[in-house]
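Inspection log for the structure reproduced underneath, given as C-alpha cells.
None of the figures in this text is laboratory data; all of them are computed from the coordinates on show. All of these numbers come straight from a predicted model, not from anything done at the bench. Glycine also receives a Cβ, built like all others from the backbone with ideal geometry; neighbour counts cover every protein chain displayed.
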Amino acid sequence: HDFAFVPAFLAFATAAMLAVAVADLPVFGDVNAPIHNHVAPDYLQGSAEDIAIPNVVTSVLASYRGFDTLGETVVVFTAAIAVLLVLGGWTRRKGDGEDDNAR
Amino acid sequence: MQDDVVIRVIAKVMIPAVMLFALYVQFHGDYGPGGGFQAGVIFAAAFVLNAMIFGLNRGRHVWPAGLNLLAICAGVLLYGLTGIASILLGANYLDYDVLGATPQSGQHIGILLVEFGVGLTVASVMVALFFTFAGRLTHIRLMAKMQVHEEADQRKAKRQSESKKKRARK
C-alpha cells in the first residue's frame, strides 16, 4: 500500500520529538524542578492538618486528586465493559448455539 | 491441575491468606503502602488462583458472572455517590470535609469509601477479565469442533446429492 509508511513515520517522528524534549527536562531529583514547586509543597505540608492520615500518597490519590482517581476507576470500568462486550458472549449472533462457557 | 495434591493443599492454605492480605492492604492504605488498586488486584489473585487450581467452572461458581458485573458497577457507583453525598451536604464534588463531624474525620470516611469503591471495581474487573479470556479456550475448542462437524456434514450432503444425480442418470 502507498500509505504503509505513515504509521512508521508517525512513530519515528514522535520518538524524535520526545528525544529532543528529554534534553530540556530538569536534572533527575532537582529540588528546583517545576514539578516539586507547583502543588506538591502544599500537599506535603497540608496533608497532616487537612486529611490527618499518615500516608501522603493516599491523601493525594484519594482526596486532593480525587477526581483523577475517579477517572482512573472509570477507565478500568470501561476496559472491563469493552472486553466483556467483545469477548463475553453478550454479542452472540443468532444460530451460534448455546455456549455458557463463553461468558 | 486439580490432581496435584501439593498444589491443591498449598492453594487451600494460601487463598484465605491472600484474601486477608488484600483486606489489610485495602484498609491499611491510610497508614502504610496500599490502597484500592493494589488491594483489588491482590483480592482478584485469590480467585484467579482458585480457578487455576480447581477449574474454571468451580471458579465461576464461587464468583458468578452476574454478581461480578454488579460489583464492577457498584464500585464506580460508590465512588461517584460519595461525591454526590458531599454535594448534598453542601460542599464541592468529592470534597469529603463535610462527611464527618470534623473535616478530618470526614476525610477519613470519604477516603475509606472511595478506596473501597476502587478496590471493588478493580477486583471484580480483574476476575472478569481472567474468566472472559480463560473462557475463550473452551469456546474456541467448541467452535473448532462445530466447524469440523459442519464440514463433514457438507461433504456427506455433497456425496449424497452426487450419488442421487448418478442414479437419476441411470
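By Kyte-Doolittle mean hydropathy of at least 0.0 and Cα axial length of at least 20 Å, which whole DSSP H helices of chain A are selected?
A:5-24, A:66-87
Using only DSSP helix segments of four residues or longer, with each worth -39500 (n - 2.57), what per-residue ellipticity at 222 nm results for chain A after dividing by its residue count and rounding to 500?
-17500 deg cm²/dmol
Could you work out how much longer the chain between B:LEU77 and B:HIS149 gets when fully extended? Use 0.36 nm per residue separation minus the Cα distance between them, nm to one decimal.
Working it through step by step, the gained length comes to 21.3 nm.
Read phi for every residue in the stretch B:133-149 and hand back ³J(HN,Hα) as whole Hz from Karplus 6.51 cos²θ - 1.76 cosθ + 1.60, θ = phi - 60°, with x for Gly and Pro.
6, 5, x, 4, 4, 5, 4, 5, 4, 5, 4, 4, 4, 4, 5, 4, 4
Quick one: grab the alpha carbon gyration tensor of the protein assembly as shown, order the square roots of its eigenvalues as a ≥ b ≥ c, and give me rounded if a/c is under 1.5, else prolate or oblate depending on whether a/b is larger than b/c.
It is prolate, given that a/c is not under 1.5 and a/b is the larger ratio.
So what is the relative contact order of the stretch B:14-89, in percent, for Cα pairs below 8 Å that sit 6 or more residues apart?
Reported as a whole number, the value is 21 percent.
Loop only per DSSP, at most 15 neighbouring Cβ atoms within 10 Å: give me the chymotrypsin sites (Phe, Trp or Tyr not before Pro) in the stretch B:74-165, ordered by residue number.
B:TYR93
Of the trypsin sites (Lys or Arg not before Pro) in the stretch B:1-85, which ones lie in a loop per DSSP and count no more than 16 other C-beta atoms within 10 Å?
Working: sites: B:ARG8, B:LYS12, B:ARG58, B:ARG60; in loops: none.
Answer by residue number: there is no such site.
Taking the Cα atoms only, what angle lies between the long axis of helix B:65-88 and the longest principal axis of chain B, rounded to 10 degrees?
30
Normalised by the number of residues in chain B, what is the relative contact order in percent for Cα pairs under 8 Å and 6+ residues apart?
Once divided by the residue count of chain B, the mean separation gives 22 percent.
I'd like to compare B:151-161, B:23-33: which one has the highest average count of other Cβ atoms within 10 Å, and what's the full order after that?
Going by the mean number of other Cβ atoms within 10 Å, highest first, we get B:23-33, B:151-161.
Between B:SER105 and B:LYS158, what is the label-to-label distance in nm when each label sits 7 Å out along the Cα-to-Cβ direction?
8.0
Which longest run of chain A has no exposed loop site in it, a site being chymotrypsin sites (Phe, Trp or Tyr not before Pro) in a DSSP loop with at most 15 other beta carbons within 10 Å, and the site itself not part of the run?
A:29-89
Can you tell me the length gained on complete extension of the stretch B:ILE84 to B:ARG58, counting 0.36 nm per residue apart and subtracting the Cα distance? Intermediate results must be reported in sequence, preceding the final value.
On the way: separation 26, 0.36 × 26 = 9.36 nm, distance 3.84 nm.
Gain on stretching B:ILE84 to B:ARG58: 5.5 nm.
Among the lysines in the protein assembly as shown, how many pairs, 8 or more places apart or on different chains, have alpha carbons under 23 Å apart?
9
With label points built 7 Å along Cα→Cβ from the Cα atoms of B:LYS166 and A:PHE12, find their separation and express it in nm.
Each label point is offset 7 Å from its Cα along the Cβ direction, giving 6.3 nm.
How far is it, in nm, from the label point at A:ALA82 to the one at A:ASP42 when both lie 7 Å from their Cα along the line to the Cβ?
It works out to 3.3 nm between the two label points.
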